[in-house]
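Colleague: Structure in structure tokens, see below.
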Amino acid sequence: MKYCQGPKCHEHKTKDRIRGSKGDKHYETRRRSSFYYGNDNFCSLGCQDEWFKLNGKRAIDHFGRVTEAKRTDANGAWYKMYDWNSRRNNQENDHFFVNDLLGERIPITEQQYEDTNLRTPTTS
């Protein structure tokens, strides 16, 4: 069992946090086998946000603050798209490689769309 890492998790007044017997009732940090937020470390978005407000600046400074803009050039800007509306409009293809920087949209097969190793259109 793991504990929620939220610094104020034990202060939230919910029935599932109540522990102890008659004379020793208290609120406790949630404990579960798995959580849904923050890579399985927080019981709620609220607890995740409280942790980040307390530790976020130090964590970013420690692991590396972005100090200049990152770039993706046109040759790395390809992504796959499925146009669910194309069949209704009687278009022949509904799977594409798209590059908004180049203004291109290249039809591909459904198998190419599903292939996780295929990340850019093949050049001929």
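The values are calculated or read from the model by the stated rules, or taken from the named source; none is laboratory data. Because the structure is a prediction, the values reported are computed rather than measured. For neighbour counting, all protein chains shown are included, and Cβ atoms are generated from backbone atoms with ideal geometry for every residue, glycine included.
Colleague: For the stretch 36-53, what are the residues that are surrounded by 13 or more Cβ atoms within 10 Å (Cβ to Cβ) and assigned to a helix (DSSP H, G or I)?
Modeller: The answer is Gly46, Cys47, Gln48, Asp49, Glu50, Trp51, Phe52.
Colleague: Quick one: in the stretch 84-109, which of the residues that are of a type in the set (D, E, K, R) and modelled with pLDDT of 90 or more is nearest to Thr72 (Cα to Cα)?
Modeller: The extreme case among them is Asp100.
Colleague: Let me ask something else. Just need a number here: residues in the stretch 1-35 that are loosely packed, with under 11 Cβ neighbours inside 10 Å, assigned to a loop (DSSP other than H, G, I, E, B) and not basic (Lys, Arg).
Modeller: 5
Colleague: For the stretch 24-33, check the following and say yes or no: at least one residue is among the aromatic types (Phe, Trp, Tyr) and more than 30 Å from Asn117 (Cβ to Cβ). Show your work before the answer.
Modeller: Within the stretch 24-33, the first condition is being among the aromatic types (Phe, Trp, Tyr), and the residues that meet it are 27.
When the remaining residues are screened for being more than 30 Å from Asn117 (Cβ to Cβ), the result is 27.
The answer is yes; a qualifying residue exists.
Residue-by-condition table, conditions (1) more than 25 Å from Phe63 (Cα to Cα); (2) without any contact (Cβ under 8 Å) to a residue 24 or more places away in the chain:
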{"position": "His10", "(1), (2)": "yes, yes"}
{"position": "Lys15", "(1), (2)": "yes, yes"}
{"position": "Arg19", "(1), (2)": "yes, yes"}
{"position": "Arg32", "(1), (2)": "yes, no"}
{"position": "Asn39", "(1), (2)": "no, yes"}
{"position": "Leu45", "(1), (2)": "no, yes"}
{"position": "Phe52", "(1), (2)": "no, yes"}
